1. Determine the order of 170, 36 by accessible area, beginning with the largest, at a probe radius of 1.4 Å.
2. Using +1 on the beta carbon of Lys and Arg, -1 on that of Asp and Glu, and nothing else charged, what's the dipole of the stretch 34-191 about the Cα centre, debye to 20?
3. Exceeding 19 Å between C-alpha atoms, which entries from my cross-link table qualify? They are 242/269; 242/275; 218/242; 8/29.
4. What spacing in nm lies between the two simple spin-label points modelled at residue 83 and residue 125, each 7 Å away from Cα in the Cβ direction?
5. Carbon-plus-sulfur fraction of the accessible area of the chain, 1.4 Å probe, in percent?
6. Between residue 23 and residue 100, what FRET efficiency follows from the Cβ-Cβ distance if R0 is 45 Å, with the result rounded to 0.05?
7. Tell me which trypsin sites (Lys or Arg not before Pro) from the stretch 131-224 have a DSSP coil assignment and no more than 12 other beta carbons within 10 Å of their own.
8. Quick one: Kirkwood hydrodynamic radius for the stretch 14-114, alpha-carbon pairs, angstrom, one decimal?
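The values are calculated or read from the model by the stated rules, or taken from the named source; none is laboratory data. Since the model is a prediction, treat every value here as computed from it, not as a measurement. A quick note on method: Cβ atoms are made from the backbone with ideal geometry, for glycine too, and the neighbour counts reach across all protein chains shown. Ligands, DNA and RNA are stripped out before the accessible areas are found, and what is left, the full protein with its side chains, is counted by its heavy atoms. Shrake-Rupley method; radii C 1.70, N 1.55, O 1.52, S 1.80 Å.
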Amino acid sequence: MIDENLIKEVDEAINNISTYDDLNDFRLKYLSKKGSITSLSSKMKELSNEEKREFGYCLNEFKNSVQSRLNAIKEKMDLEYLNKKLESEKIDITLPGTKITKGYIHPLNRVIEEVKEIFISMGYDVKSGPEVENDLYNFELLNIPKSHPARDMQDTFYINEEILLRSQTSPVQIRTMLENKDKTPIRIICPGKVYRRDNDDATHSHQFEQIEGLVVDKNISMADLKGTLEVAMNKLFGDGRKLRFRPSFFPFTEPSVEVDVSCFKCNGKGCNMCKKTGWIEILGAGMVHPNVLRNCGYDPDVYTGFAFGLGVERIAMLKYEINDIRDFYTNDLRFLSQFKYIEKSDDDASK
Ligand code: PHE
């Protein structure tokens, strides 16, 4: 009942299907609304009832057999496609992985973290302040008036007459004392960058890191300063460190001292690290000058305080025996990767 030629043609067309495109073309040509198989049903209306039944039956059979052949082809193609995909995405789990290089804490940050931890454990707060400062906070309120020769101690980058790049972290002392309206006890450290017009060489840098410490309360004495620094330096450089105070001068402290630590490499016997003296100069400190207290609204007859300032680069150079300060800033991985083995808790640099 169905045209033999069409059956033959369809049979051949199905046999020629080898891609998804062929499959689509076939569907379009024979099975879409206007496709040659679909349009066979339009013949129906010309047939008698008897013929209709028979023709309908044949047409259905034909359509079903075409459809099931197409389904089989599609299934086969899907399977082939999947296998190809799996093959191309195959992972060889025996291949060695790509090594991911890890970063390490920079030696300067390591020292800052260590000092912070030491002082936080003694109840200090960590404060910060702006690097672009007013002359007032960086110098004047710290008892260094404009014409004072002490300004020569810190050759400063000025932005204009009143604004500068801070040459020390001491302005954070001033800010903290001024902000503290109720004059409650102060116990802070302030790590941060400072700037000076130095020519860069192995021991100087125009930008470096300082950590300032300040304690203000009633009845604070030099003994508190010494005790505090003794605890801190023993934690930082290992047990058994002795401290030596030498008279010094800073405009914002009176008396002022330079603090030496007994050499942690030779234990005070004398070596290249301590230049055979047994002592290493570590930081500057002193009792807060009455003028500074007064400038910040504290009555120096009621309140006293101590302050200290240390250079982070210097501590890191001593602890890790680094000879050139510039190594900290040049981002040379050969230098930086040497610190991966030093654990933060390893506070005995002589190991
Ligand atoms: N600010 C001083 C300096 O940079 C260090 C210091 C701080 C000294 C606090 C005494 C007290 O040289």
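1. Numbers: 170 5, 36 40 Å².
These residues rank, largest area first, as 36, 170.
2. Working: 24 positive and 25 negative charges, 187 e Å.
Charge dipole of the stretch 34-191: 900 debye, to the nearest 20.
3. Numbers: 242/269 13 Å; 242/275 17 Å; 218/242 27 Å; 8/29 15 Å.
Over 19 Å apart, Cα to Cα: 218/242.
4. 7.4 nm
5. Values: 10250 of 20420 Å².
Solvent-exposed carbon and sulfur of the chain make up 50 percent of the total.
6. On the way: r = 46 Å, r/R0 = 1.02.
Efficiency, rounded to the nearest 0.05: 0.50.
7. Working: sites: 146, 151, 166, 175, 181, 183, 187, 193, 196, 197, 218; in loops: 146, 166, 181, 183, 196, 197, 218.
Filter output for the stretch 131-224: 146, 181, 197, 218.
8. Details: mean 1/r = 0.0518 Å⁻¹.
Hydrodynamic radius (Kirkwood, Cα only) of the stretch 14-114 equals 19.3 Å.
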